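The values are calculated or read from the model by the stated rules, or taken from the named source; none is laboratory data. Predicted model only: the values in this text are computed from it and were never measured. Using ideal geometry, Cβ is built from the backbone for each residue, glycine included, and neighbour counts are taken over all protein chains shown. Side chains included, ligands, DNA and RNA excluded: accessible areas come from the protein's heavy atoms. Shrake-Rupley method; radii C 1.70, N 1.55, O 1.52, S 1.80 Å.
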Amino acid sequence: MITTTDLTKVYRSRGREVTALDGVDLHVREGEVYGVVGRSGAGKSTLIRCVNLLERPSSGTVTVAGQDLTALAGRGQRANAALRQARSRIGMVFQHFNLLSSRTVRDNIELPLEILGVSGKERTRKALELLDLVGLSAQAKAYPAQLSGGQKQRVGIARALAGDPKVLLSDEATSALDPETTRSILQLLRDLNRQLGLTVLLITHEMDVVKTICDSAALMKGGRVVESGTVSELLATPGSELAAELFPVGGEPSGPDRTVVDVTFHGEAATQPVISQLSRTYNIDISILGAAMDTVAGKQVGRMRIELPGRFEENVVPIGFLREQGLQVEVAAVADAVDSDGLQEAAGLAKDGAQ
Amino acid sequence: MSWSEMQPLLSDACLDTLFMVLWSTVWTVVVGLPLGVLLVLTGRGGLLQNVLVNKVIGAVVNIGRSIPFIILMVVLIPFTRFVVGTSIGPSAAVVALAVGGIPFFARLVETAVREVDHGLIEAVQSMGGGTWTLVLKVLLPQALPSIVAGLTTTVIALIGYSAIAGAIGAGGLGNLAIVYGYQRFETGLMVVTVIVLIVIVTLVQLIGDLVARRLAPRGTSRAQTPVRIRLPWSARTAQEATIAKP
Ligand SMILES: Nc1ncnc2c1ncn2[C@@H]1O[C@H](COP(=O)(O)OP(=O)(O)OP(=O)(O)O)[C@@H](O)[C@H]1O
Ligand SMILES: [Mg+2]
C-alpha cells in the first residue's frame, strides 16, 4: 500500500548538511498497522512527512496505493493539483492535534470536505457520521479548546477520515496523552483498521503502542531502517533488537554452575506447556528468571529467561528438546561461571595496580 | 468663546475627522491586509517563498513607516494632486493618511499572521489544501482577533495623524485645537476639542477590544486586553509597544 524505495532526505541549512533519511526502503501492506520506532532524531517524522510529500525527498520514490507521488509532485515548494488530490486520499493525524481553534468540532471535520468541494448538506451529514464513528456526537458544537486531549485526537482522527482515505498516517498521535487515553485511541485506530480496512502507518517511541496494535514494525537508526518485518518475524530473528525491546527479559543466575537460556515463543509452540514438559521429561528443576509474554495480533508471543541446573555442556539435550518444540533458544552469556571468575581476576589486578 | 459659538466649529471638525479616518481606514485595510499576508507568504519558509518580492515589499513598508507623517504628506503632494485633483482639504488628507496607514497596518497583519501555528498549515496541506485555502480558511480566520486588535491600533494612529493633516488645511479636530487653541489662545475650545478626541479614541479602543474578544476562540483563556486610554499623539508609541511584544 505504501512503498518507499531508496528514500533519502538531506536538509541543508547555512552550509550544514543533515542526512535525515539515508536510503529508506519501507513496505507497508494493505490493511496492516505498521509501526516505526526509533530514537529521537532517527528520522521518523521526516519519513512519514515524505510519504505524503509534506517534505520533498531529496531522492527516491514514494508510492501510495499504486500511485507514484514523487512523479506527481512538481518542483518547488508548492503542491500542484495532482499532488493535492492524492493527499486528500491520505489521512494524517498529529501529535498536537492541529485543530483550528476558530472552528467548532463539526466545522473542523468539514474542512477537508470543503477542500474536496463537497456540498454543504453532504458535508454536515458526513461530519456527523464521522463524529458518531469516533464517539463524539455530543461535542459537535464544541470548540477544540473545550475538549480534553483524547477528545481532540478523536476529532483529529475523524477529520483525517473525512476524505475516505485508504491510508492513515500518524506521527506520535498518542504521545501527548495519558496511558488510559492512549489505550482508547489505539483501540479506536485498531477498530478503524479492521472496520474500514484502513492501512495505518504510525510513528511512535512507545514500544507498548507497537505491542498493542501493530502487525509489523520497523526500527530506525540514523536515517536508516535497520530492522523491519511482522512482529512474529522479528521475534523469529535471532538477536533482533526490536524483539528484545518489545519483550525485554532480565534476571541474573542464582549461582555458579547454572545455564541461563532465553526462549522466544511465537507461532504454534506458544500454545504448548513446553516448560513443564521439559521439566517432566528430563526431571530437572527450572527457575523462571524473567518473562515478557503478550498477545500480539491474537497470538501468544514473548520471551522468557529460564535457568537450568548445571553447566551448558550438561544441558545440551534439554536445550535441543526446546529447539525441537519449535522454540527459538539463545544461551545467555551471563550464565558462564568462568566469566565471573574472570571478573574477580580483573578486579584483583586492578587492586594490585592501585597499590 | 461661548458654547453656541464652539458647537458648529466642533461638529464640522468632527465630521471632517470622521471622513478622513473612515476613508483612510478603508484603504488601509484594502491594501494593507493583502500586503501583510503577502509579506508572510513570500517570507522564508513561506508558501510562496520569494526572496526578491519579499525584500521589495519589506523595504517599501519600512520606508513608509520611517518617514514622519508630516514629511510624508509634503512628499506626497504631487501624488495626491494626481489622485484626487487637489493637494488640500480632507480628500487630499485621505491619500496621505492611507499611504501612512498601509505600511503601519501591513506590519501588524504580518505579525498576526506569522503567529498562526505552523502545525495548522501542515494539517490543511495534508488534506490537499492549496495556498488560497490556507489563506482564507486558516491564516485569516486564525489571526482575525489579532488583526482586529491591530486595526484598532491603526485607527487610533490615523486619528492622531489626521490632526497633523490639519496642517494642509484638511480641517478636523486636530486642526481646530491648533488653530483656535494654540494660535488664537482659545483655551476653552482647545480643552473641549481634546476631550472630544479622548472620547473618540476611547470609544474606538473599547469597540476594538470588544470585537477582538468576541472573535477569540471560545473556551480559551481569552487574551485579556486591558482597556487603555490612549491619547492620539501617543498612538505611535502605543503601537510600537504592541510590535515589541513577542
Ligand atoms: N526542517 C529541518 N531542517 C533541518 N534539519 C531537520 C529538519 N527537520 C528535521 N531535521 C533533522 O533531521 C533529523 C531527523 O529528524 P526527525 O524529526 O525526522 O526525527 P524523529 O525521528 O522524528 O525524532 P523525534 O522522535 O524527536 O520526533 C534530525 O537530526 C533533525 O535535526
Ligand atoms: Mg518526530
What whole-number value in Å² describes the accessible area per residue of segment B:3-243 for a 1.4 Å probe?
-> 48 Å²
Inter-label distance for A:Thr281 and A:Arg56, nm, one decimal - labels placed 7 Å from Cα along Cα-to-Cβ | 6.2 nm
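Using a 1.4 angstrom probe on the protein heavy atoms only, line up A:Tyr282, B:Tyr180 by accessible area, largest first.
Numbers: A:Tyr282 80, B:Tyr180 40 Å².
Output order, biggest surface exposure first: A:Tyr282, B:Tyr180.
Which whole-number percent gives the relative contact order of segment B:3-243, counting Cα pairs below 8 Å spaced six or more residues apart?
Values: 294 pairs, mean separation 56.0, N = 241.
Answer for segment B:3-243 is 23 percent.
Note down the magnitude of the dipole of chain B about its Cα centre, charges +1 on Lys and Arg C-beta and -1 on Asp and Glu C-beta and zero elsewhere, to the nearest 20 debye. Provide the component values of the computation, followed by the final result.
Working: 16 positive and 10 negative charges, 110 e Å.
Using only the charged Cβ atoms, the result is roughly 520 debye.
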For chains A and B, what's the summed buried accessible area, probe 1.4 Å, to the nearest 100 square angstrom?
-> 2100 Å²
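Please report the antiparallel percentage of the DSSP beta bridges confined to chain A, to the nearest 5.
70 percent
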Per-residue accessible area for B:Trp27 at 1.4 Å probe radius, Å² rounded to 10?
-> 130 Å²
So for the pair A:Gln195, A:Asp68, with labels modelled 7 Å out along Cα→Cβ, what separation do we get in nm?
-> 3.7 nm
Report, to the nearest 10°, how far helix B:3-42 tilts away from the longest principal axis of the Cα atoms in chain B, using its own Cα long axis and a range of 0 to 90°.
-> 20 degrees
Give me the number: length gained by fully extending B:Ser11 to B:Ser66, i.e. 0.36 nm times residue separation minus the C-alpha to C-alpha distance, one decimal in nm.
-> 16.5 nm
What is the calculated FRET efficiency for B:Leu48 to A:Met293, with r their C-beta to C-beta distance and R₀ = 51 Å, to the nearest 0.05?
-> 0.40
Largest to smallest accessible area among A:Lys121, A:Lys166, A:Lys44 [probe 1.4 Å] = A:Lys121, A:Lys166, A:Lys44
Which one of A:Ser119, A:Phe97, A:Ala73 has its Cα pushed farthest toward the positive end of the charge dipole of segment A:50-126, where Lys and Arg give +1 and Asp and Glu give -1 at the Cβ?
-> A:Ser119
Considering only B:Ala123, B:Val83, B:Val211, whose Cα is most displaced toward the positive end of the charge dipole of segment B:79-212, charges sitting on Cβ of Lys, Arg (+1) and Asp, Glu (-1)?
-> B:Val83
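Taking the Cβ-Cβ separation of A:Glu245 and B:Leu136 as r and a Förster radius of 41 Å, what is the calculated FRET efficiency to the nearest 0.05? Mind showing how you got there, number by number?
Details: r = 46 Å, r/R0 = 1.13.
Efficiency, rounded to the nearest 0.05: 0.35.
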Where does each of A:Glu252, B:Glu186, A:Glu55, A:Glu233 land when they are ordered by accessible area, with a 1.4 Å probe and the largest first?
-> A:Glu252, A:Glu233, B:Glu186, A:Glu55
Flagged links, alpha-carbon separation over 28 Å, of A:Lys44/A:Lys166; A:Lys152/B:Lys137; A:Lys9/A:Lys126; A:Lys126/A:Lys211 = A:Lys9/A:Lys126; A:Lys126/A:Lys211
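What does the charge dipole of chain A about its Cα centre add up to, to the nearest 20 debye, if the Cβ of each Lys and Arg holds +1 and the Cβ of each Asp and Glu holds -1? The partial results should precede the final answer.
Values: 39 positive and 43 negative charges, 518 e Å.
So the dipole magnitude of chain A works out to roughly 2480 debye.
Can you give me the relative contact order of segment A:2-235 as a percent, contacts being Cα pairs under 8 Å and 6 or more apart?
Details: 444 pairs, mean separation 68.9, N = 234.
Relative contact order here is 29 percent.
Relative contact order, percent, of segment B:1-90 when contacts are C-alpha pairs under 8 Å separated by at least 6 residues? Walk me through the intermediate numbers first.
On the way: 29 pairs, mean separation 16.1, N = 90.
The value is 18 percent.
Based on DSSP, what percent of beta bridges with both residues in the protein assembly as shown are antiparallel, to the nearest 5?
Close to 70 percent.
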Whole-Hz Karplus couplings 3J(HN,Hα) for segment A:305-320, θ = phi - 60° and coefficients 6.51, -1.76, 1.60, Gly and Pro as x, run 10, 10, 10, 10, x, x, 6, 4, 4, 7, 10, 4, 5, x, 5, x
B:Cys14 accessible area, assembled protein chains, probe 1.4 Å, Å² = 40 Å²
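Taking the Cα centre as origin and putting +1 on Lys and Arg beta-carbons and -1 on Asp and Glu beta-carbons, what dipole magnitude results for the protein assembly as shown, to the nearest 20 debye?
Values: 55 positive and 53 negative charges, 660 e Å.
The calculated dipole for the protein assembly as shown is roughly 3160 debye.
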Please calculate the 1.4 Å probe accessible area of B:Ile67, with all protein chains present, and give it to the nearest 10 Å².
-> 50 Å²
Describe numerically, in nm with one decimal, the distance between label points set 7 Å from Cα along Cα→Cβ at A:His205 and at B:Arg184.
-> 7.4 nm
What FRET efficiency comes out for the pair B:Ala59/A:Arg125, r = Cβ-Cβ distance, R0 = 35 Å, nearest 0.05?
-> 0.10
Once fully extended, how much extra length lies between A:Ala145 and A:Tyr11, figured as 0.36 nm per residue of separation less the alpha-carbon to alpha-carbon distance?
-> 44.8 nm
